[in-house]
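The values are calculated or read from the model by the stated rules, or taken from the named source; none is laboratory data. As the structure is a prediction and not an experimental result, all values here were calculated from the model. FYI the Cβ positions are ideal-geometry reconstructions off the backbone, even for glycines, and counts take in every protein chain you see. These area figures cover heavy atoms from the full protein model, side chains too; ligands, DNA and RNA do not enter into them. Shrake-Rupley method; radii C 1.70, N 1.55, O 1.52, S 1.80 Å.
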Amino acid sequence: MEEEKAGVGAGAAAGELGSRLCLAGAGRFSQLFSLLSAESLGDTRWERRKLTALACGDVEGKFDVLFNRVRAIQKKSGNFDLLLCVGNFFGSTPDAEWEEYKTGIKKVPIQTYVLGANNQETVEYFQDADGCELAENITYLGRKGVFTGSSGLQIVYLSGTESLNEPVPGYSFSPKDVSSLRTMLCSTSQFKGVDILLTSPWPKYVGNFGNSSGEVDSKKCGSALISSLATGLKPRYHFAALEKTYYERLPYRNHIVLQENAQHATRFIALANVGNPEKKKYLYAFSIVPMKLMDAAELVKQPPDVTENPYRKSGKEASVGKQIPAPEEEAACQFFFDLNEKQGRKRSSTGRDSKSSPLPKQPRKPPQPPGPCWFCLASPEVEKHLVVNIGTHCYLALAKGGLSDDHVLILPIGHYQSVVELSAEVVEEVEKYKATLRRFFKSRGKRCVLFERNYKSHHLQLQVIPVPLSCCTTDDIKDAFITQAQEQQIELLEIPEHSDIKQIAQPGAAYFYVELDTGEKLFHRIKKNFPLQFGREVLASEAILNIPDKSDWRQCQISKEEEETLARCFRKDFEPFDFTLDD
Ligand SMILES: [Zn+2]
């Protein structure tokens with residue numbers, strides 16, 4: 001049994017994952033208490049939130065060895081809430097033992113969660129990439145995602161080994177998988193870190209600044225993408241395997257001393273393979289209180305043996321490949337995998353803790369601005385002569401000083417600050433306008449680039465800039481944004497095609513995003529300063545429209561008469577596409 005560690009450990013601990021554990025929990029408190037260090041006993045609020053867990057390295061088909069060992073431990077120390085398996089769960093040869101668990105002849109003594117395949121031989125065991133039950137009490141988590149228990153414990157998982165070559169085999173993850181996980185989790189302003197990260201490979205460089213990792217050279221083995229993931233996610237515990245050895249690194253810090261506020265430390269633990277002849281440790285016991293239930297001061301308490309962050313120096317190397325685009329996006333449906341929802345049919349569930357809140361119902365009357373607004377359609381300040389189309393909830397207007405004569409804006413009729421705040425019916429019409437404009441511009445040999453800057457603006461303006469097909473490809477546009485962002489130290493994250501900005505940005509959070517004609521989006525969470533003309537500058541640059549002197553809209557102003565003429569032309573051209581005339 002591992003003792004609780006100071007700092008992270010003292011407050012770190014548990015709750016119940018899923019209702020089955022929840023129901024079993026009450027009767028077990030006396031047993032759980034024996035696991036806890038004396039100082040943490042003082043706070044009974046935390047006791048009830050504490051989960052006890054086991055983490056295990058490569059099982060490689062030795063199910064009997066593992067589960068017999070778990071039974072023995074539970075007999076001695078009391079039941080644990082869950083078992084997390086990283087590395088190879090199945091062996092490479094067909095296994096009679098597995099059949100007995102699969103068919104229920106043999107029982108699994110603990111709720112067990114496993115990662116997917118790391119090689120071609122075992123891919124067939126994991127039928128559903130979104131995760132599924134493999135046997136009673138054994139759940140495959142899925143290729144990647146977040147598992148949130150009813151206690152609030154957050155476990156991020158990434159199955160497989162690193163692959164930089166497309167197409168990625170079924171047992172691998174790509175740079176895109178890593179960047180989408182990072183984006184989904186790290187882009188909200190409240191993001192502090194996650195409780196547990198599960199990966200099969202070690203993160204590259206994990207041994208830097210730490211205690212020796214023995215015969216494993218972490219500069220040579222492991223995955224740089226996982227280092228980058230761990231850097232972004234700041235897990236309190238990170239488990240990995242595949243190297244057939246046990247290594248518990250000294251905890252490392254996630255902040256820069258004297259430059260940043262203290263944050264919680266990370267414990268990296270690599271586990272050996274089950275039943276190895278050298279008797280290296282393959283099971284690790286720990287207890288944890290979900291960080292969202294913890295007191296901030298307790299959470300960031302630094303363990304005495306804390307070291308520098310191993311990935312900081314290698315940050316550049318670790319993020320190589322981050323920008324390599326995958327040819328096809330996968331649907332973002334797997335994020336925020338919720339235990340309650342997923343298992344609700346099988347178990348009674350409290351049903352709380354749903355990540356995706358439904359779109360708020362808005363009253364029919366659109367929101368009103370607090371003062372004068374240039375973009376609320378009903379307000380006297382609006383330049384009506386620029387308006388080219390009016391729908392039920394949105395309207396189109398020519399951009400003042402646009403990059404081209406057909407540069408338009410999609411605007412809500414009512415006063416909404418950003419896309420994040422729109423009600424469902426308004427979102428629906430925004431999407432309709434987007435799709436219609438894409439078709440309209442396509443018919444004129446152009447592709448649409450959209451961007452929104454929710455920073456220093458009060459009324460949503462979705463900029464739609466047509467770029468002639470002959471100018472450049474979508475990838476050129478994407479590259480131009482990524483390159484010019486890098487030059488200005490703006491972190492642009494790729495987010496999957498069907499994902500919703502609402503999932504990433506909280507209402508009120510400042511952000512910028514650009515949407516390409518493929519539906520791909522590049523997202524930047526604005527922390528402090530952001531160049532107001534960034535989107536425009538990139539589009540005006542040599543790489544895209546090549547009209548650098550038009551990057552400032554004030555340079556592009558024309559007379560009201562000219563504006564009226566352009567608007568009249570646009571209305572006429574757009575008429576065949578105008579869906580507002582349909583009924
Ligand atoms: Zn307004």
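Here's the yes/no breakdown for (1) open to solvent by less than 50 Å² (accessible area, probe 1.4 Å); (2) of a type in the set (Gly, Ala, Ser):
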residue	(1), (2)
192	no, no
195	yes, no
198	yes, no
213	yes, yes
219	no, no
222	yes, yes
225	yes, no
232	yes, yes
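Please work out which one of (1) more than 38 Å from the chain's Cα centre (by Cα); (2) open to solvent by less than 30 Å² (accessible area, probe 1.4 Å); (3) away from the ligand (no atom under 14 Å from the Cβ) is the condition residue 384 fails and give its number.
So the condition that residue 384 fails would be (2).
Which count do you get for residues in the range 390-412 that are over 19 Å from residue 547 (Cβ atoms) and either of a type in the set (Gly, Ala, Ser) or open to solvent by 10 Å² or more (accessible area, probe 1.4 Å) (or both)?
Count: 5.
Return the pairs, sorted by first residue and then second, in which the second residue is surrounded by 17 or more Cβ atoms within 10 Å (Cβ to Cβ) and charged (D, E, K, R), the first residue lies in the range 454-472 and is under 27 Å from residue 504 (Cα atoms), the beta carbons are less than 6 Å apart, and the residues are 6+ apart or on different chains.
Close Cβ pairs (under 6 Å, with a partner that is surrounded by 17 or more Cβ atoms within 10 Å (Cβ to Cβ) and charged (D, E, K, R)) amount to 462/452; 466/406; 466/446.
Mind listing just one residue for me: the one in the range 428-467 that is open to solvent by 40 Å² or more (accessible area, probe 1.4 Å) and of a type outside the set (D, E, K, R) and, of those, farthest from the ligand (Cβ to nearest atom)?
The residue in question is 443.
Restricted to the range 400-427, and to residues that are of a type in the set (Gly, Ala, Ser) and closer than 19 Å to residue 513 by Cα, which residue is farthest from the ligand (Cβ to nearest atom)?
Here is the first cut: in the range 400-427, the ones of a type in the set (Gly, Ala, Ser) are 401-402, 404, 414, 418, 423-424.
Subsequent filtering for residues that are closer than 19 Å to residue 513 by Cα retains 402, 418.
Numbers: 402: 20, 418: 12 Å.
Result: 402.
Taking the stated definitions as given, is residue 260 surrounded by fewer than 22 Cβ atoms within 10 Å (Cβ to Cβ) and within 26 Å of the chain's Cα centre (by Cα)? Explain how you work it out, then say what you get.
On the way: surrounded by fewer than 22 Cβ atoms within 10 Å (Cβ to Cβ): yes; within 26 Å of the chain's Cα centre (by Cα): yes.
In short, yes.
Among the residues of the range 406-430, how many are modelled with pLDDT under 95 and assigned to a loop (DSSP other than H, G, I, E, B)?
8
Looking only at the range 90-105, which residues are crowded, with 17+ Cβ neighbours inside 10 Å and over 33 Å from the mean Cα position of the chain (by Cα)? Step through it out loud before you land on a result.
Filtering the range 90-105 for residues crowded, with 17+ Cβ neighbours inside 10 Å gives 90-91, 95, 98, 101.
Correct list: 95, 98, 101.
Filter the range 468-495 down to the residues that are outside any helix (DSSP H, G or I) and touching a Gly at 6+ places or on another chain (Cβ under 9 Å), then identify the one that is least open to solvent (accessible area, probe 1.4 Å).
Restricting to residues being outside any helix (DSSP H, G or I) and touching a Gly at 6+ places or on another chain (Cβ under 9 Å), the top hit is 468.
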